[in-house]
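Please read the structure below before turning to the comments.
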Amino acid sequence: MLSMKGHLKLLSDEDTWFSANLEPPASLAPLTAEISMVSCRLPDFHGDPADRIIVATAVVLGIPLITADEKIIRWNEGRNPLQVVTL
């Protein structure tokens, strides 16, 4: 959506970028009931459901989150429920 709205510049169209970036060792994690529940229970997190799911996925899977999103970075400071790698 960010690319389609002009907020994110990709070197190719969305379909090509998505396919190229899901080649091994990367994969698409399923949205599980646990991730859904954790996304609803993030304390003092803003209301964007997509951001909630992204953060909850990283928390549940115990994987680093690579982001430039200032809201997520600020929220994680002092809490550190996940490892944030900033761009």
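No lab work stands behind these numbers, since they all come straight from the coordinates. Fair warning: this is a prediction, and the values are worked out from it, not measured in the lab. Because the Cβ atoms are built from the backbone with ideal geometry, glycine has one as well, and the counts that use them run over all protein chains shown.
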| query | What does the charge count near Arg52 come to, summing +1 for each Lys or Arg and -1 for each Asp or Glu among other residues with Cβ under 14 Å from its Cβ? | reply | -3
| Interchain or long-range residues, amide H under 5 Å from Gln83's placed H | Leu65
| query | To the nearest 10 degrees, how steeply does helix 49-61 sit against the main Cα axis of the chain, on a 0 to 90 scale? | reply | 70 degrees
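With charges only on Cβ, +1 for K and R and -1 for D and E, what is the dipole size of the chain about its Cα centre, in debye, rounded to 20?
On the way: 7 positive and 11 negative charges, 51 e Å.
My answer is approximately 240 debye.
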